[in-house]
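Working notes, beginning with the structure itself.
The values are calculated or read from the model by the stated rules, or taken from the named source; none is laboratory data. Please read these numbers as outputs of a predicted model, since none were measured by experiment. In this analysis, Cβ positions are derived from the backbone assuming ideal geometry, glycine residues included, and neighbour counts consider all displayed protein chains.
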Amino acid sequence: VISALVAVATFIVMAALGAVIGAEFLGWLPALTRTLVSLSVRQLPAKSRERYREEFLYDINSMASDRKVTALLWALRTCISARGLAKSLNESENRRHEPKTTERERLDSSGSPTQLAMRHRPDIDLAALLKRLREERDITQEELALDAGITVAALSRIERGLNSPGWVTVVRISKALGVSLVELTTQLTDS
Amino acid sequence: MAGIERITPQMLRLLEVLASDPSIEWWGLALAKASGIQSPTIYRALARLEAARWVTSTPEEIDPAHEGRPRRRLYRLTPAGGREATRLLSGYAQEIAAYPTRIVPQRRYGAATA
């Protein structure tokens, strides 16, 4: 009987403690969320900080007051993705100071129409090779495009030899196919 | 005309929502709900669109103390952005119709977006 009483008493004390700690934790959540927002904003370029602080606070404010955990998780995700946002903001800031057309673009667009057409003529061997490699792996255009981070339409045009993919795109596609560039060029020269 | 270097499915979905009614001004959270893109991610796409001058944004003209909430930032397509969006969306109309679920981001594209 005594041990049963002790068990019941322990249970009551633990439950009370749990409730108190829970309430304390809930009380701390908004402050924690605001700290995370500050941390996210601090990762951004100084110029954009105030603006994004306002946007993030609005978003958190819009979440119902009983969804404190959701708000906290949102702030956590924001904090993690803030670096990406900062990267995009810095890139656009750098791009604003670049001349409108680079020397390379000027050279690319010079020459007679025929020369231009020759320079940008898609490589049909590359097109066929990419298509064959994809089909050998039994993956669809959608899957490969998703893996390579390009649109299905772009991949389709590349495979049909309508578009000439740039270097970066070729690298992405070969990575998504799991083929090294050496292998790709070897196969290209062999065929 | 400044362009977007890489069009992602999220970007298309975002442009689709923005172009659906150019007279509506959106704020981040509303755009996130309408497009199904996670709200922290959407700010990155919006920053890229803004850098390319396809989208402009202005702070909402309210008194936060009076309204009892922070100011919204309102986004809308620029005329040039509207034209580009329409061109892009018609170009990808088949893909959008055929793969509606692909438009919602499903995976991260490697380190480039991490």
Task: Qualifying positions in the stretch B:59-87 - under 15 Å from the mean Cα position of the chain (by Cα) and within 11 Å of another protein chain (Cβ to nearest Cβ) - done: B:ARG73, B:LEU74, B:TYR75
- [ ] Mind listing whichever residues of the stretch B:45-61 are buried (at least 20 other Cβ atoms within 10 Å of the Cβ) and either under 21 Å from B:TYR92 (Cβ atoms) or at pLDDT below 80 (or both)?
- [x] B:ALA45, B:LEU46, B:ARG48, B:LEU49, B:TRP54, B:VAL55
- [ ] Scan the stretch A:153-174 residue by residue and report those that are touching a helix residue (DSSP H, G or I) at 6+ places or on another chain (Cβ under 7 Å) and among the charged types (D, E, K, R).
- [x] A:GLU159, A:ARG160, A:ARG172
Open item on the list: Can you report the number of residues in the stretch A:159-181 which are at pLDDT 90 or above and either among the aromatic types (Phe, Trp, Tyr) or more than 25 Å from the chain's Cα centre (by Cα) (or both)?
Closed with: 1
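This table checks each residue for (1) under 22 Å from B:TYR43 (Cβ atoms); (2) in contact with a helix residue (DSSP H, G or I) (Cβ under 6 Å, 6 or more places away or on another chain); (3) part of a helix (DSSP H, G or I).
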position	(1), (2), (3)
A:ALA31	no, no, yes
A:ARG34	yes, no, yes
A:LEU44	yes, yes, no
A:SER48	yes, yes, yes
A:TYR52	yes, yes, yes
Open item on the list: For the stretch A:131-153, give me each residue that is under 13 Å from B:ILE7 (Cβ atoms) and surrounded by fewer than 20 Cβ atoms within 10 Å (Cβ to Cβ).
Closed with: A:ALA153
TODO: Could you tell me whether B:ILE42 is at the interface with chain A (Cβ under 7 Å from one of its Cβ atoms) and of a type in the set (Val, Ile, Thr)?
DONE: no
- [ ] Scan the stretch B:19-34 and give yes if some residue there is at the interface with chain A (Cβ under 10 Å from one of its Cβ atoms), part of a loop (DSSP other than H, G, I, E, B) and not acidic (Asp, Glu), otherwise no.
- [x] yes
- [ ] For the stretch A:77-96, state whether one or more residues are at pLDDT below 70 and either under 29 Å from B:ALA52 (Cα atoms) or not hydrophobic (A, V, I, L, M, F, W, C) (or both).
- [x] yes
Open item on the list: Given (1) modelled with pLDDT of 80 or more; (2) in contact with a Pro (Cβ under 7 Å, 6 or more places away or on another chain), identify the lone condition not met by B:PRO64.
Closed with: (1)
Task: Count of residues meeting criterion [surrounded by fewer than 17 Cβ atoms within 10 Å (Cβ to Cβ) and either among the aliphatic types (A, V, I, L, M) or assigned to a helix (DSSP H, G or I) (or both)] in the stretch A:158-178 - done: 5
